[in-house]
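**Q** Take this structure first; my questions come after.
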Amino acid sequence: MEQQLFSFLEEHPGFTRLQELEVRHIKALFFSSLQLMAVASYPNEVEMEQHWERAAHQLAHNIQNRLPLELDDLRWDMYLIIFVNQDKISSELKRLIENNRFYFRKIVLTRSDMSKLSEKLPLRFDLPSGKDNTGNGLLFNDGQFLKELKDRLSEGARNQLGELFFTKGAKSVEDMLSLFSRGQAEGMNHEN
């Protein structure tokens, strides 16, 4: 299962696995220009409880404290991912570890989290400069946002905005405000 986590991070755009750097208690290190993620892996909850702090100290001492000045920004976007090869662990222990913010953030994952890694990990995207996000990229584009908005609004709100809004959007903030004020005026007329 830990290999699934490694593969996920290796396939993430911009991440590179550091193959030749070894740190005690750390199974793998991944970095991009924006983030550094270390993975500690344990066969069960007992092993994790006994050793996770060692992994955190080793990462802090051997990596975080030795970052060169040009990589200093990574110091603020470092994560220790703690994988436990069980389906469930104690919620109290997980909370204790994840609330510990010394050095960097800790994220505890179990086997049951492997199917939703993109939701569990705070991955940042290093988009090339000069490119917008109008294609089918990794981030929401306007069409995707409007579809999601439509799905979440009540029927009355969808009717107030009209179908054209969800296909074309509003041309300006003023157009958007007029859609809402028109709906409020119509609502007042229905009350009278």
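**Q** Loop-only trypsin sites (Lys or Arg not before Pro) in the range 51-125, please: DSSP not H, G, I, E or B, and at most 15 other Cβ atoms within 10 Å.
**A** Sparse-neighbourhood loop trypsin sites (Lys or Arg not before Pro): LYS88, ARG101, ARG124.
**Q** Let me ask something else about it. Can you compute the FRET efficiency between ASN85 and SER118 using 1/(1 + (r/R0)^6), with r the Cβ-Cβ distance and R0 = 25 Å? Round to the nearest 0.05. Mind showing how you got there, number by number?
**A** Working: r = 20 Å, r/R0 = 0.82.
Plugging the Cβ-Cβ distance into 1/(1 + (r/R0)^6) gives 0.75.
**Q** Output the pairs from LYS27/LYS116; LYS88/LYS150; LYS120/LYS168; LYS120/LYS147; LYS94/LYS150 with a Cα-Cα distance over 28 Å in this structure; if there are none, say none.
**A** Beyond 28 Å between Cα atoms: LYS88/LYS150; LYS120/LYS168; LYS94/LYS150.
**Q** Could you list HIS61, HIS12 in order of exposure, starting from the residue whose Cβ has the fewest other Cβ atoms within 10 Å?
**A** Fewest-to-most ranking of HIS61, HIS12: HIS61, HIS12.
Computed from the coordinates by the stated procedures, all read-outs in this text should not be read as laboratory data. Since we're looking at a predicted model, the values are computed, not measured. Positions of Cβ are backbone-derived with ideal geometry, glycine not excepted, and every protein chain shown enters the neighbour counts.
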